[in-house]
1. Run the paramagnetic zone check for Ser293: 7 angstrom along Cα to Cβ, then residues of region 226-244 with backbone nitrogen under 15 Å.
2. Peptides 220-228, 204-212: what's the order by average Cβ count within 10 Å, highest mean first?
3. For region 117-184 and region 229-265, what is the centre-to-centre distance using only Cα atoms, to the nearest Å?
4. Please name which of Gln212, Leu148, Ala16 has its Cα lying farthest along the dipole of the chain towards the positive end, using unit charges on Cβ (Lys, Arg +1; Asp, Glu -1) and the Cα centre as origin.
5. Could you work out how far apart the two model spin labels at Asn146 and Gln70 are, taking each label as a point 7 Å from the Cα in the direction of the beta carbon, and quote it in nm?
6. To check my understanding: the extent here is largest minus smallest coordinate of the Cα atoms along each principal axis. What are those three numbers for region 129-250, in Å, largest first?
7. What does the helix-only formula give at 222 nm for the chain: each DSSP H stretch with n ≥ 4 adding -39500 (n - 2.57), the total divided by the residues, and the result rounded to the nearest 500 deg cm²/dmol?
8. Quickly work out the Leu286-to-Arg272 label distance, labels modelled 7 Å from Cα along the C-beta direction, and quote it in nm with one decimal.
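Every read-out reported here was derived from the displayed coordinates using simple, explicitly stated rules and does not represent laboratory data. Just so it is clear, the model here is predicted, and its values are computed rather than measured. Every residue, glycine as well, gets a Cβ built from its backbone with ideal geometry; the counts of neighbours run over all protein chains shown.
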Amino acid sequence: MSQFGKRLKSAIEKDAKAWMFLSGYLILFVIFIVAPVAAGVGLSLTSFNTIQAPTFVGITNYVNLFTRDQTFIRHVIPNTIQFAIMAGIGGYVLSFLMAWVLAQITPLPRTILAIILYSPSLTSGIVMTVIWRALFSGDEFGYLNNLLLGLGLIDAPIQFIQSPQYLMTIMIIVTIWGSMGIGFLAMLAGILNVDTTLYEAGAIDGVRTRTQEIIHITIPSMRPQMLFGAVMAVVNTFNVSGVGVLLTGENPTPEYAGQLIVTHIEDFGFLRFEMGYAAAISVTLLLFVYYISRVAFRFFAEKD
């Protein structure tokens with residue numbers, strides 16, 4: 001066998017071993033990611049009520065979603081944008097600030113405080129909802145109403161959860177409260193691993209304040225952690241976007257005040273059993289999350 005043939009055979013054997021080690025992951029990835037996404041896209045092009053066989057309707061579901069679904073246009077999109085900005089970006093910024101503050105203190109209290117801040121993200125939706133529903137309960141026994149009545153600030157209990165005026169604000173508060181998840185820990189680790197000599201070099205170059213250190217040294221030095229935190233913030237925001245339904249116990253939420261894309265999907269998919277239409281909304285959500293993630297990559301991906 002020629003030298004070229006030996007090298008080719010060796011390369012093929014190495015590639016075969018690499019693919020063998022990757023095969024388990026690839027199989028699971030295809031089964032649990034690629035196949036469901038492909039099925040969702042295919043289902044979005046049909047009319048399907050879970051009982052009769054799906055009927056192909058082309059892009060009718062998408063046309064109806066953006067032209068005839070007034071709830072989606074007037075409530076779901078504005079609510080989702082507001083929720084994403086306030087809870088997603090707000091939670092992300094707060095995660096970074098809290099990680100930076102913890103990085104300034106000694107290891108033992110830092111560890112204790114990090115556990116305390118991280119623990120709400122581990123709390124199940126049901127437990128979380130029980131706590132917040134008790135706080136914002138609309139009767140006189142609700143903690144917040146009881147406090148306000150005791151201080152004489154109100155004359156009658158306020159229906160916080162059932163009121164469109166307060167529901168979105170409460171949803172944002174609950175979401176930010178539980179936003180210190182794995183992205184927060186990643187940013188804390190990134191800050192702690194920034195080379196301290198960079199701060200010394202920055203001081204020589206004219207960096208004087210902590211704000212300048214954060215902007216010119218800390219954030220550029222931890223781009224991977226910032227990117228990971230941004231992606232996790234996007235995922236977390238849409239994972240918990242059903243909190244309005246959990247708080248109110250209703251879908252749709254009162255006057256659609258807390259209706260987001262995820263709850264709109266649940267409404268059509270599991271309450272109205274219009275699975276084809278729900279799949280079209282799901283694909284729209286997938287594209288929405290994808291493009292938001294691309295924005296995060298443009299800001300924090302490593303520059304070549």
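1. Label zone hits: 227-239.
2. The most tightly packed comes first, giving 220-228, 204-212.
3. First find each Cα centre; the distance between them is then 15 Å.
4. Ala16
5. 4.3
6. 61, 33, 20
7. -19500 deg cm²/dmol
8. Spacing of the two 7 Å Cα→Cβ label points: 2.1 nm.
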